Amino acid sequence: MRRTLGVTALACAGLLTATACGGSDSGGSSDGPVTVTVMTWESAETNAAIKKALADFKDDNVKVELLETPSGQYGDKLASLTQAKKLPDLFWCGNDTEQQYTSQGLLVDWAEKINGGDGDFKADKFVPSAIENWKTADGQMGGLPSLMNTYGVWYNADAFTAAGVPLPKPGWTWDEMYAAAAKLANKNGAKYGLIADQLTGLDGPFTMSMYSVSAGGAPFTDNVNHPTKAEADAKFTEGVEKLVAAIKNGSVAPPGYDAANVQSLFAAGKIPMTFGGQWLAAGFQTDKPKVKYGFVPFPQVQTPTTLYDSVGICTPQYTKDQDATFKVLKYINTKVWDAVLPASPVAPPAYTPAQASYFDALTKAQQTTVVDTVKADLAAEKTVGVRFTTQWAQQVGDLTTANYQPILSGKKPISELPAYVEKINGLIKQGG
């Protein structure tokens, strides 16, 4: 189920040029129930739990079929089904995939149904930022958000205590985080005090938006879905300068650090702090780390600011029965998570009435810092997007690799930051 948080855009040209004509294999015969097909990127264990929950869906006119799809091959499967115009009626998708597919006319627009409301199942019952991020520029919604991604800092409480450093707590500052990282570096087998691929990797500029916005400055971009500009103002630049200094003095791992084994290394006590999402809690609950640990909101300058996004469920425009499909979509968002999340509390549902089972499971597992941090993130005054969802987002990644990351590692001066931003603005103008 951790895959819920790991899928990004399926932005290959062949995928996005598929037309919205043709038909799927879903649907029933004229004298039998309609079959609604569902495809997830989850593990076999989680799919089994989902299948069991779907078995309780009661409608004589609708049959639900969960398709078997190995989570590690989900992207390839989705690409081939898109090109063949045989997408299932409901399939797991990221915000970027939903935005791109909707702009290509590939998906059913649920805006009227969700805005009009079906009892309590309506837009104002979802996390507001999730609904907003899933809208296209013209207000369409090619899918519905299902699970939220919230983010923060995981910390090894034992390492902090051994080093005589106060434990992180909500409201801590960026300066306090960097100071703690400096004291924790090169101790107990940990080379760096902080591993933060989300801060130094391809999404780094968006993560740095939190510093700028918290300090009263501008975000890196005005909108991740349909941006009109990128910007690195004085506050953003100030945040970059502090990160560059922390990388230079060895407190923070530099760009290019292999983050593949961060979760296991953290659990083994080899990493004092790491940026990450709430989904790690489910893995830690199973793997039982050897250290005492906690999860805390991102640091702030003044105003609490965080980043989070959501994954969801999409429907192809050619689905044979939209009403039947929407019934199943509603059931998944309102009922299925109640059955699945207690065993694997990976993420809070975007549909707020369904969040209780998630928080109850974490509380029962004594993951109190995760409960507090996720709730704080969902209620944060300011939020920023995690990455562009546009078709040209990969080109931004290339620019980040060639221009932004060398600034962080000290290979290029910070004075080149405006040139990097202008190159992105060039892409925005071309893409718009």
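The values are calculated or read from the model by the stated rules, or taken from the named source; none is laboratory data. Computed from a predicted model, the values in this text were never measured in an experiment. Cβ: placed from backbone, ideal geometry, glycine included. Neighbour counts: every protein chain shown. Just so you know, the surface numbers come from the protein's heavy atoms only, side chains and all, with ligands and any DNA or RNA stripped out. Shrake-Rupley method; radii C 1.70, N 1.55, O 1.52, S 1.80 Å.
Here the stretch 110-241 has 47 percent of its accessible surface on carbon and sulfur atoms, given a 1.4 Å probe and all protein chains in place. Computed about its Cα centre, the charge dipole of the chain is approximately 1140 debye, with only Lys, Arg, Asp and Glu carrying charge at their Cβ. Running a GNM on the chain with Cα contacts under 10 Å, which residue among Leu67, Leu243, Leu362 ends up with the highest mean-square fluctuation? Fluctuation is largest for Leu67.
Taking 0.36 nm per residue of sequence separation and removing the Cα-Cα distance, the Thr173/Ala55 pair yields an extension gain of 37.7 nm. Taking the Cα centre of the stretch 221-370 as reference, the dipole from Cβ charges on Lys and Arg (+1) and Asp and Glu (-1) amounts to some 480 debye. Within the same chain, lysines fewer than 8 places from Lys122 are excluded, and of the rest, those with a Cα less than 16 Å from its Cα are Lys113, Lys135, Lys327, Lys330, Lys335. Taking the protein heavy atoms of the stretch 277-383 in the context of the full set of protein chains, the accessible area attributed to carbon and sulfur is 46 percent at 1.4 Å. Each DSSP beta bridge with both residues in the chain is either parallel or antiparallel, and the antiparallel ones are about 65%. Solvent-accessible surface of the stretch 104-158, taken per residue with a 1.4 Å probe and all protein chains present: 35 Å².
Average accessible surface for the stretch 268-387: 37 Å² per residue, computed with a 1.4 Å probe over protein heavy atoms with every protein chain in place.
Provide, for q = 0.12, 0.13, 0.16, 0.24 Å⁻¹, the log10 of I(q)/I(0) from a solvent-free Debye sum over equal Cα point scatterers in the stretch 135-200. Computed log10 I(q)/I(0) values: -0.47, -0.51, -0.63, -1.12.
Once the chain from Ala48 to Ala268 is taken as fully extended at 0.36 nm per residue, the excess over their C-alpha distance is 76.2 nm. Along the stretch 136-148 the Karplus relation, 6.51 cos²θ - 1.76 cosθ + 1.60 evaluated at θ = phi - 60°, assigns HN-Hα couplings of 7, 4, 9, x, 6, 10, x, x, 10, x, 10, 10, 8 Hz to successive residues, with x for each Gly and Pro. Comparing mean-square fluctuations of Val374, Val165, Val336 from a GNM of the chain with C-alpha springs under 10 Å, the top value falls on Val165. Once volume of the Cα convex hull per residue in Å³ is calculated for the structure shown, the corresponding label among [x] 129; [y] 208; [z] 191 turns out to be [x]. The accessible-area ordering, largest first, of the residues Glu112, Glu65, Glu98, Glu45 stands as Glu112, Glu45, Glu65, Glu98, per a 1.4 angstrom probe. Using alpha-carbon positions, what is the distance between the centroids of the stretch 189-231 and the stretch 359-432, in Å? Here the two parts' Cα centres lie 4 Å apart.
Converting phi to 3J(HN,Hα) with the Karplus coefficients 6.51, -1.76 and 1.60 and the offset θ = phi - 60°, the stretch 325-333 yields 5, 5, 4, 5, 4, 4, 5, 4, 6 Hz in sequence order, with x at every glycine or proline. For the set Lys169/Lys248; Lys248/Lys288; Lys183/Lys292; Lys52/Lys125; Lys235/Lys382; Lys242/Lys429, the pairs lying more than 24 angstrom apart at their alpha carbons are Lys169/Lys248; Lys248/Lys288; Lys52/Lys125; Lys242/Lys429. Axis of helix 234-248 versus longest Cα principal axis of the chain: the two differ by about 70°, to the nearest ten degrees. Ordering Phe359, Gln322, Gln285 by Cα displacement along the dipole of the chain toward the positive end leaves Gln285 in first place; charges were set at the Cβ atoms of Lys, Arg (+1) and Asp, Glu (-1). The calculated FRET efficiency for the pair Ala84 and Thr363, based on their C-beta separation and a Förster distance of 41 Å, comes to about 0.35.
Here the stretch 93-132 is scanned for amide nitrogen atoms under 18 Å from the site 7 Å beyond the Cα of Thr352 along Cα-to-Cβ, giving 114-132. Inter-part distance, the stretch 259-277 to the stretch 45-69, computed on C-alpha centroids, equals 35 Å.
Placing dummy labels 7 Å off each Cα toward the beta-carbon, the span from Lys248 to Ala137 is 4.0 nm. Set the Förster distance to 35 Å, then compute FRET efficiency between Gln73 and Gln322 from the Cβ-Cβ distance, nearest 0.05. Between Gln73 and Gln322 the formula returns 0.80.
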